[in-house]
Each structure stands twice: as structure tokens, then as C-alpha cells.
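Presented below is the structure to which this report refers.
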Amino acid sequence: GNSVTQMEGPVTLSEEAFLTINCTYTATGYPSLFWYVQYPGEGLQLLLKATKADDKGSNKGFEATYRKETTSFHLEKGSVQVSDSAVYFCALTLTGSARQLTFGSGTQLTVLP
Amino acid sequence: NAGVTQTPKFQVLKTGQSMTLQCAQDMNHEYMSWYRQDPGMGLRLIHYSVGAGITDQGEVPNGYNVSRSTTEDFPLRLLSAAPSQTSVYFCASSYGLRASYEQYFGPGTRLTVT
């Protein structure tokens, strides 16, 4: 079946550090890929997405590139801020249906001033 | 817009008790869904609805019931709570079933069953 594997957390960085959160997937076809973010006390929000190979999703300084050859969708940000502290979820859907979204287990990021 | 609201925020139940988790959205979204989030696991789909009067099962539906009598509301019922249902529950809504439509999540309900 389909699955998403994220790097284990928690991840702790200093402000202005470079961030990478790894995400790899297993799917029987060509999925659409998503990153969601969950700020403390809030629900998940869509951060960025990519629907085909080599697409780059970007938002709020975060980027992720859909790499078919390595089945990866790593999240990066060049300079993190304290306000980026949150839990980040990688997700995929193979059918294009929200009913078929498969989520990773989430990575907790803490950014220290 | 209030977005997606969930009540209660926290709940403690004894084994065998029943309760309803409330979810409401004010965005006129057709698609609504319930997920549970357990430590070390991703969100798993419990039930979903593509419109008023239409519901279907997700990945982990056992022990839960849903109904959708209005576009706005999508309550989740625990029929006889079990410790295995201790989890954080999220309700979500979107314009339609396509994953390209952004899903809006509520803040969650943390449920403990003793």
C-alpha cells in the first residue's frame, strides 16, 4: 500500500538556521504530494503541494521538490524563525482524492531565539 | 468566517460511555471528514461525507458513527468508548473531494478513555 515516512523528531534549531525535514514515500503510481503544518493549539494547514515530478512547491519561504527518482519530497527553508515552530506533516494521495490522503507521522520543529 | 470549529477541546470518558464530538464549518464546503491522530502515526481517516445525507467509511471506522443532516455540521459519535479510542480527533472540510482543494482543519479534540 501507500505510505509516507518522515524523519523522526523532535528537531531543534537556532533562529536563522537552515531547515531540512526529510520525507520519502512509497506508492504504486504517481501521487500528488503535500506538506501540512500544525501550529500549537491549531488544526493542520496546507503549506505547499506538488502534483507531478520535478514540480517545486513553495510558500512562506518553505520549498519542496517532487523527486520521482528518489521518491522524496523534502521540506527546506533557508532561515527559520521562532514562529516556524510547529509540527510538519508530509502527505500523499495517489488518486487525487482527498479521501485517499496518506499522512506521515509528523515532525516536531522547535526554533530557539 | 470562523472556519472549522470543534467541541469539546478536551474530554475524558470511562470505558463504555458514549459521546458525540461536534464539528461545524461556515464555508459552505461539501466535503467533510474526521481523522484520528495517534502518537508516532499519521492522521488516519475515520469517516467522510461528500454532502448532506451522504457519508462513507474511511480507513478506521469501527466504533464510530457519523451523520450529515446539514452542509455545516458533521458530528462523530462514539457508541461505546474503549481505551483504544484515546486519541486526538480532527475534523476537516474542503470545497470538494479533489485533493487539490485545500483542506481546512479544526483545532482538534483530545479524548482520553479510561
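Quick look at the numbers
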| quantity | calculated |
| --- | --- |
| Test: residue in the stretch A:46-58 that is among the hydrophobic types (A, V, I, L, M, F, W, C), within 10 Å of chain B (Cβ to nearest Cβ) and closer than 24 Å to B:Pro39 by Cα | yes |
| Search result, residues across the stretch B:59-111 that are open to solvent by less than 10 Å² (accessible area, probe 1.4 Å), more than 9 Å from chain A (Cβ to nearest Cβ), touching a residue at least 60 places away in the same chain (Cβ under 8 Å) and not small (Gly, Ala, Ser) | B:Leu78, B:Tyr89, B:Thr109, B:Leu111 |
| Single condition A:Met7 does not satisfy, out of (1) under 13 Å from the mean Cα position of the chain (by Cα); (2) within 22 Å of B:Ser94 (Cβ to Cβ) | (2) |
| One residue from B:Arg44, B:Arg68, B:Arg77 being within 23 Å of A:Asn2 (Cα to Cα) and among the basic types (Lys, Arg) | B:Arg44 |
| Residue tally, condition part of a loop (DSSP other than H, G, I, E, B) and in contact (Cβ under 8 Å) with a residue 60 or more places away in the chain, over the stretch B:1-43 | 11 |
| Residue match in the stretch A:23-43 (condition: farther than 30 Å from B:Lys9 by Cα and away from chain B (no Cβ under 14 Å)) | yes |
| Near pairs, Cβ below 8 angstrom, 6+ apart or cross-chain, from the stretch A:30-58 (in contact (Cβ under 8 Å) with a residue 12 or more places away in the chain) to any residue that is acidic (Asp, Glu) | A:Leu46/B:Glu102; A:Leu48/A:Glu63; A:Gly57/A:Glu63 |
| Qualifying strands (runs of 3 or more DSSP E) (wholly inside the stretch A:54-111; at least 2 residues being hydrophobic (A, V, I, L, M, F, W, C) and in contact with a helix residue (DSSP H, G or I) (Cβ under 7 Å, 6 or more places away or on another chain)) | none |
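The values are calculated or read from the model by the stated rules, or taken from the named source; none is laboratory data. Please read these numbers as outputs of a predicted model, since none were measured by experiment. Neighbour counts run over all protein chains shown; Cβ positions are idealised from the backbone, glycine included. Surface accessibility is based on the protein's heavy atoms, side chains included, excluding ligands, DNA and RNA. Shrake-Rupley method; radii C 1.70, N 1.55, O 1.52, S 1.80 Å.
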